[in-house]
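Following: one structure in structure tokens, then a few remarks.
Read-outs: derived from the displayed coordinates by stated rules, not from any lab. Quick caveat: nothing in here was measured; it's all calculated off a predicted structure. FYI the Cβ positions are ideal-geometry reconstructions off the backbone, even for glycines, and counts take in every protein chain you see.
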Amino acid sequence: MSANASRIINSQIRPRSFAPRKQLTVSEWSDKNRRLSKKGSAEPGPWRTDRNPPLREPMDCLSNRSSERDVVLMFPIQFGKTEVAVNALGYSMEQNPGPIMVCLPAEVSMLKWINQKLSPMIEETEAVQKTMTSLKSRESTNTKTFKDFLGGQLYIEHAGSPARLKSTSVRTLIVDELDEFAANLTGGDDPVDMLLGRTSAFPATFKRLFI
């Protein structure tokens, strides 16, 4: 190969091979990758943060490059709180992988969240599908309440099973319907203290969302 040809090839390869991947915010990732399913949205199709601008700030606080650690949402009903959680989850699986837990107050609400939010997000979001080690529901790496993905694991738990909650350490914690947790705990634990303890192994890098 001539020196001139080698120089041309190297000039094309090097920037693509060694340039760091741009770190997206959660809202940028969602606008680029997320699609709303007919199963859970009245307006299926590409996600657009501009359709609900107040969601941008809390989503972006959950981004890897944000210094914020805790995000608490107290929004009106049907304002998009759960979509913030779903977008943050998909982003974390693809952009910032690690151990993740999603918690809901009861088994019924947990199963409803899986069927209406989690499963459609995985089905419609190719970027998340690519992280999954298996999409086959019969495999142990992909069950209703546990997903193994590249660089991390996803646990879906509920307050009715405090023993399982207490035994899991995660870096990213997403809690929906926090105000309902106390009514579903059976051991007298303080729900907030119990949930905060899930991220104690990651004091410098944890992210927590409470709805």
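Each Lys and Arg adds +1 at its Cβ and each Asp and Glu adds -1 at its Cβ; summed about the Cα centre, segment 152-211 shows a dipole of about 400 debye. Between the C-alpha center of segment 112-183 and that of segment 41-111 there is a gap of 13 Å. About its Cα centre, the dipole of segment 77-187 is roughly 300 debye, where the only charges are +1 on Lys and Arg Cβ and -1 on Asp and Glu Cβ.
Here the 3J(HN,Hα) profile of segment 149-161, calculated from phi with Karplus coefficients 6.51, -1.76 and 1.60 at θ = phi - 60°, is 9, 4, x, x, 9, 10, 10, 10, 10, 9, 5, x, 10 Hz, Gly and Pro shown as x.
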